[in-house]
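K.L.:
Sending over a structure as C-alpha coordinates; questions will come in a sec.
The values are calculated or read from the model by the stated rules, or taken from the named source; none is laboratory data. Just so you know, these numbers come straight off a predicted model, no measurement behind them. In this analysis, Cβ positions are derived from the backbone assuming ideal geometry, glycine residues included, and neighbour counts consider all displayed protein chains.
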Amino acid sequence: MRELVCIAVLGAAAAANAQPVAIPPAPTHYMGREIAQTMHYTGAPWLVRESRQREEDCRLLIEALAIKPGQSVCDIGCGNGFYTLELARLVGPKGTVYAVDIQPEMLRMLSHRASETGLTNIRPILGSPVDPRLPAGELDLILCVDVYHEFSHPAEMLARLRESLAADGRLVLAEFRGEDPAVPIKPLHKMTKAQVCKELEPAGFRLERAFDRLPWQHLLFFASVPVAEDPE
(Lines give C-alpha, C1' and ligand atoms only; values in the text may rest on other atoms or scores of the structure.)
Protein backbone atom coordinates (compact mmCIF):
# COMPACT_ATOMS: atom_id res chain seq x y z
CA MET A 1 0.00 0.00 0.00
CA ARG A 2 2.64 2.52 1.03
CA GLU A 3 4.69 1.82 -2.12
CA LEU A 4 1.83 2.63 -4.48
CA VAL A 5 0.79 5.73 -2.56
CA CYS A 6 4.40 6.93 -2.56
CA ILE A 7 4.59 6.44 -6.33
CA ALA A 8 1.57 8.69 -6.76
CA VAL A 9 2.97 11.31 -4.40
CA LEU A 10 6.40 11.24 -6.02
CA GLY A 11 4.83 11.47 -9.47
CA ALA A 12 2.90 14.54 -8.44
CA ALA A 13 5.99 16.07 -6.85
CA ALA A 14 8.08 15.41 -9.93
CA ALA A 15 5.48 17.12 -12.08
CA ALA A 16 5.40 20.09 -9.74
CA ASN A 17 9.19 20.39 -9.79
CA ALA A 18 9.58 19.87 -13.52
CA GLN A 19 10.67 22.66 -15.79
CA PRO A 20 7.60 24.88 -16.30
CA VAL A 21 5.91 24.38 -19.64
CA ALA A 22 3.78 27.17 -21.03
CA ILE A 23 0.22 25.98 -21.50
CA PRO A 24 -1.53 27.92 -24.25
CA PRO A 25 -5.09 29.12 -23.72
CA ALA A 26 -7.56 26.29 -24.16
CA PRO A 27 -9.71 26.59 -27.29
CA THR A 28 -13.47 26.25 -26.91
CA HIS A 29 -13.76 24.30 -30.18
CA TYR A 30 -11.57 21.93 -32.18
CA MET A 31 -12.18 21.09 -35.84
CA GLY A 32 -15.81 22.10 -35.57
CA ARG A 33 -16.48 20.31 -32.26
CA GLU A 34 -17.15 21.99 -28.93
CA ILE A 35 -14.71 20.71 -26.32
CA ALA A 36 -16.36 19.31 -23.18
CA GLN A 37 -15.21 20.20 -19.68
CA THR A 38 -13.22 17.60 -17.77
CA MET A 39 -15.35 15.68 -15.31
CA HIS A 40 -14.59 16.92 -11.78
CA TYR A 41 -13.21 14.43 -9.29
CA THR A 42 -16.35 14.79 -7.17
CA GLY A 43 -18.15 12.95 -9.98
CA ALA A 44 -15.91 9.90 -9.61
CA PRO A 45 -18.65 7.68 -8.08
CA TRP A 46 -20.36 7.71 -11.51
CA LEU A 47 -17.36 5.82 -12.91
CA VAL A 48 -17.99 2.85 -10.60
CA ARG A 49 -21.80 2.94 -10.65
CA GLU A 50 -23.56 -0.41 -10.34
CA SER A 51 -25.25 -0.03 -13.74
CA ARG A 52 -22.08 0.60 -15.75
CA GLN A 53 -21.52 -3.01 -16.81
CA ARG A 54 -25.12 -3.36 -17.96
CA GLU A 55 -25.09 -0.04 -19.83
CA GLU A 56 -21.64 -0.19 -21.45
CA ASP A 57 -20.62 -3.89 -21.33
CA CYS A 58 -17.21 -3.05 -19.89
CA ARG A 59 -16.15 -6.69 -19.87
CA LEU A 60 -16.65 -6.88 -23.62
CA LEU A 61 -14.62 -3.69 -24.09
CA ILE A 62 -11.73 -5.16 -22.12
CA GLU A 63 -11.94 -8.42 -24.06
CA ALA A 64 -11.78 -6.52 -27.37
CA LEU A 65 -8.47 -4.92 -26.35
CA ALA A 66 -6.74 -8.34 -26.40
CA ILE A 67 -4.29 -7.34 -23.67
CA LYS A 68 -1.33 -9.70 -23.27
CA PRO A 69 0.78 -10.46 -20.17
CA GLY A 70 3.95 -8.38 -19.99
CA GLN A 71 2.65 -5.47 -22.06
CA SER A 72 3.08 -1.80 -21.19
CA VAL A 73 -0.26 -0.03 -21.45
CA CYS A 74 -1.68 3.31 -20.42
CA ASP A 75 -5.09 4.37 -19.10
CA ILE A 76 -5.45 8.06 -20.01
CA GLY A 77 -7.91 9.92 -17.83
CA CYS A 78 -7.84 6.96 -15.47
CA GLY A 79 -10.04 8.60 -12.85
CA ASN A 80 -10.45 6.35 -9.83
CA GLY A 81 -9.14 3.33 -11.69
CA PHE A 82 -12.22 1.54 -13.00
CA TYR A 83 -10.31 0.22 -16.04
CA THR A 84 -6.80 0.62 -14.63
CA LEU A 85 -7.18 -2.21 -12.14
CA GLU A 86 -8.42 -4.69 -14.73
CA LEU A 87 -5.64 -3.70 -17.14
CA ALA A 88 -3.11 -4.29 -14.35
CA ARG A 89 -4.47 -7.78 -13.75
CA LEU A 90 -4.27 -8.61 -17.44
CA VAL A 91 -0.69 -7.44 -18.06
CA GLY A 92 0.41 -9.28 -14.94
CA PRO A 93 3.42 -8.70 -12.70
CA LYS A 94 5.81 -8.39 -15.66
CA GLY A 95 3.67 -5.72 -17.32
CA THR A 96 3.06 -2.10 -16.42
CA VAL A 97 0.02 0.14 -16.45
CA TYR A 98 0.62 3.89 -16.57
CA ALA A 99 -2.42 5.59 -15.05
CA VAL A 100 -2.62 9.24 -16.12
CA ASP A 101 -4.94 11.92 -14.81
CA ILE A 102 -4.70 15.70 -14.45
CA GLN A 103 -6.47 15.70 -11.07
CA PRO A 104 -4.36 14.52 -8.10
CA GLU A 105 -7.55 13.69 -6.22
CA MET A 106 -8.37 11.05 -8.85
CA LEU A 107 -4.91 9.53 -8.48
CA ARG A 108 -5.34 9.31 -4.72
CA MET A 109 -8.61 7.41 -5.20
CA LEU A 110 -6.91 5.11 -7.69
CA SER A 111 -4.00 4.46 -5.35
CA HIS A 112 -6.35 3.63 -2.49
CA ARG A 113 -8.32 1.16 -4.62
CA ALA A 114 -5.16 -0.42 -6.06
CA SER A 115 -3.59 -0.86 -2.63
CA GLU A 116 -6.66 -2.82 -1.52
CA THR A 117 -6.11 -5.30 -4.38
CA GLY A 118 -2.38 -5.77 -3.81
CA LEU A 119 -1.54 -4.74 -7.38
CA THR A 120 1.96 -3.24 -7.64
CA ASN A 121 2.36 -2.82 -11.41
CA ILE A 122 0.45 0.49 -11.66
CA ARG A 123 2.36 3.73 -12.16
CA PRO A 124 0.17 6.77 -11.42
CA ILE A 125 1.19 9.91 -13.32
CA LEU A 126 -0.05 13.43 -12.76
CA GLY A 127 -0.27 14.69 -16.32
CA SER A 128 -0.78 18.20 -17.59
CA PRO A 129 -3.39 19.46 -20.10
CA VAL A 130 -0.74 19.35 -22.83
CA ASP A 131 1.46 16.42 -21.78
CA PRO A 132 0.61 13.01 -20.25
CA ARG A 133 4.28 12.64 -19.23
CA LEU A 134 4.67 9.13 -20.61
CA PRO A 135 7.89 7.37 -21.59
CA ALA A 136 8.73 7.72 -25.28
CA GLY A 137 8.32 4.81 -27.68
CA GLU A 138 7.37 2.19 -25.07
CA LEU A 139 3.62 1.72 -24.94
CA ASP A 140 1.88 -1.21 -26.57
CA LEU A 141 -1.56 0.29 -26.05
CA ILE A 142 -3.01 3.61 -24.88
CA LEU A 143 -6.65 3.49 -23.81
CA CYS A 144 -8.88 6.58 -23.66
CA VAL A 145 -12.36 5.69 -22.39
CA ASP A 146 -14.86 8.55 -22.74
CA VAL A 147 -12.07 11.06 -22.20
CA TYR A 148 -10.66 12.23 -25.54
CA HIS A 149 -13.58 14.62 -26.07
CA GLU A 150 -12.54 16.34 -22.80
CA PHE A 151 -8.93 17.01 -23.84
CA SER A 152 -8.60 20.79 -23.50
CA HIS A 153 -5.64 20.79 -25.93
CA PRO A 154 -6.27 17.89 -28.36
CA ALA A 155 -3.47 18.65 -30.82
CA GLU A 156 -0.77 18.81 -28.14
CA MET A 157 -2.00 15.68 -26.38
CA LEU A 158 -2.26 13.66 -29.58
CA ALA A 159 1.33 14.58 -30.47
CA ARG A 160 2.59 13.41 -27.09
CA LEU A 161 0.54 10.20 -27.18
CA ARG A 162 1.90 9.37 -30.61
CA GLU A 163 5.47 9.84 -29.34
CA SER A 164 4.86 7.42 -26.47
CA LEU A 165 3.65 4.52 -28.63
CA ALA A 166 5.91 1.62 -29.52
CA ALA A 167 6.36 0.94 -33.24
CA ASP A 168 3.43 -1.47 -33.28
CA GLY A 169 1.49 0.24 -30.47
CA ARG A 170 -2.13 1.29 -30.76
CA LEU A 171 -4.18 4.22 -29.50
CA VAL A 172 -7.70 3.06 -28.62
CA LEU A 173 -10.60 5.46 -28.13
CA ALA A 174 -13.96 4.61 -26.62
CA GLU A 175 -16.49 7.38 -27.20
CA PHE A 176 -20.26 7.44 -26.83
CA ARG A 177 -21.78 7.28 -30.31
CA GLY A 178 -22.76 10.72 -31.54
CA GLU A 179 -24.67 9.25 -34.49
CA ASP A 180 -27.11 7.44 -32.19
CA PRO A 181 -29.80 9.58 -30.51
CA ALA A 182 -30.82 6.55 -28.44
CA VAL A 183 -27.55 6.71 -26.47
CA PRO A 184 -28.68 8.60 -23.32
CA ILE A 185 -25.63 10.84 -22.97
CA LYS A 186 -25.48 14.62 -23.43
CA PRO A 187 -24.45 15.46 -27.02
CA LEU A 188 -21.40 17.37 -25.77
CA HIS A 189 -20.04 14.07 -24.40
CA LYS A 190 -20.62 12.05 -27.57
CA MET A 191 -18.60 11.82 -30.79
CA THR A 192 -19.29 10.47 -34.24
CA LYS A 193 -16.81 8.09 -35.82
CA ALA A 194 -16.32 10.60 -38.64
CA GLN A 195 -15.40 13.37 -36.21
CA VAL A 196 -12.92 11.19 -34.36
CA CYS A 197 -11.16 10.29 -37.62
CA LYS A 198 -11.27 13.92 -38.78
CA GLU A 199 -9.29 14.91 -35.68
CA LEU A 200 -6.87 11.99 -35.38
CA GLU A 201 -5.81 11.47 -38.99
CA PRO A 202 -4.02 14.85 -39.37
CA ALA A 203 -2.21 14.08 -36.09
CA GLY A 204 -0.57 10.99 -37.58
CA PHE A 205 -3.06 8.23 -36.80
CA ARG A 206 -4.86 5.79 -39.10
CA LEU A 207 -8.03 3.97 -38.13
CA GLU A 208 -7.03 0.32 -38.20
CA ARG A 209 -10.29 -1.22 -37.03
CA ALA A 210 -13.54 -0.47 -35.26
CA PHE A 211 -15.20 -2.72 -32.73
CA ASP A 212 -18.94 -2.14 -33.10
CA ARG A 213 -20.48 -4.51 -30.56
CA LEU A 214 -20.63 -2.22 -27.52
CA PRO A 215 -24.11 -1.00 -26.51
CA TRP A 216 -23.38 2.73 -26.41
CA GLN A 217 -19.81 3.37 -27.55
CA HIS A 218 -17.51 3.35 -30.51
CA LEU A 219 -14.28 1.44 -29.84
CA LEU A 220 -11.71 2.64 -32.37
CA PHE A 221 -8.17 1.29 -32.81
CA PHE A 222 -5.61 3.67 -34.34
CA ALA A 223 -2.10 2.95 -35.60
CA SER A 224 0.59 5.60 -35.85
CA VAL A 225 1.64 6.72 -39.33
CA PRO A 226 4.12 9.32 -40.60
CA VAL A 227 2.80 12.86 -40.53
CA ALA A 228 3.13 14.76 -43.79
CA GLU A 229 5.24 17.88 -43.42
CA ASP A 230 3.80 21.20 -44.47
CA PRO A 231 5.33 22.38 -47.78
CA GLU A 232 7.54 25.40 -47.39
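K.L.:
Read through the list (1) under 15 Å from the mean Cα position of the chain (by Cα); (2) surrounded by fewer than 17 Cβ atoms within 10 Å (Cβ to Cβ); (3) more than 30 Å from residue 70 (Cβ to Cβ), then give the number of the only condition that residue 163 fails.
P.N.:
(3)
K.L.:
Let me ask another. Of the residues that make up segment 61-76, is at least one part of a helix (DSSP H, G or I) and not hydrophobic (A, V, I, L, M, F, W, C)?
P.N.:
Checked segment 61-76: at least one residue is part of a helix (DSSP H, G or I) and not hydrophobic (A, V, I, L, M, F, W, C).
K.L.:
Shifting gears a bit: Would you check which residues across segment 166-192 are in a helix (DSSP H, G or I) and within 17 Å of the chain's Cα centre (by Cα) and list them?
P.N.:
Of everything in segment 166-192, just one residue is in a helix (DSSP H, G or I) and within 17 Å of the chain's Cα centre (by Cα), namely 189.
K.L.:
Let me confirm something: among 219, 200, which residue is closer than 23 Å to residue 100 by Cβ, part of a helix (DSSP H, G or I) and modelled with pLDDT of 95 or more?
P.N.:
200
K.L.:
Considering only residues that are among the aliphatic types (A, V, I, L, M), in contact with a Leu (Cβ under 9 Å, 6 or more places away or on another chain) and not in a strand (DSSP E or B), which ones fall in segment 150-165?
P.N.:
Of everything in segment 150-165, those that are among the aliphatic types (A, V, I, L, M), in contact with a Leu (Cβ under 9 Å, 6 or more places away or on another chain) and not in a strand (DSSP E or B) turn out to be 158, 161.
K.L.:
What's the number of the condition residue 113 fails, among (1) free of Cβ contacts under 8 Å to residues at least 60 places away in the same chain; (2) in contact with a strand residue (DSSP E or B) (Cβ under 9 Å, 6 or more places away or on another chain); (3) closer than 28 Å to residue 183 by Cβ?
P.N.:
Result: residue 113 passes all but (2).
K.L.:
I've got another one for you. Name the residue that is surrounded by the most Cβ atoms within 10 Å (Cβ to Cβ), counting only residues in segment 97-110 that are of a type outside the set (Lys, Arg) and farther than 21 Å from residue 139 by Cα.
P.N.:
106
K.L.:
Among (1) surrounded by fewer than 18 Cβ atoms within 10 Å (Cβ to Cβ); (2) among the small types (Gly, Ala, Ser); (3) in contact (Cβ under 8 Å) with a residue 24 or more places away in the chain, where does residue 127 come up short?
P.N.:
(1)
K.L.:
Also: Out of all the residues in segment 176-226, which are in contact (Cβ under 8 Å) with a residue 40 or more places away in the chain, in contact with a Pro (Cβ under 9 Å, 6 or more places away or on another chain) and over 21 Å from residue 29 (Cβ atoms)?
P.N.:
Residues satisfying the conditions are 204, 216.
K.L.:
Also, I was wondering about something else. Would you check if there is a residue in segment 123-145 being in a helix (DSSP H, G or I) and either of a type in the set (A, V, I, L, M, F, W, C) or within 25 Å of residue 192 (Cα to Cα) (or both)?
P.N.:
There is no residue in segment 123-145 that is in a helix (DSSP H, G or I) and either of a type in the set (A, V, I, L, M, F, W, C) or within 25 Å of residue 192 (Cα to Cα) (or both).
K.L.:
Which of the residues belonging to segment 203-216 are outside any loop (DSSP other than H, G, I, E, B) and buried (at least 16 other Cβ atoms within 10 Å of the Cβ)?
P.N.:
203, 205, 211
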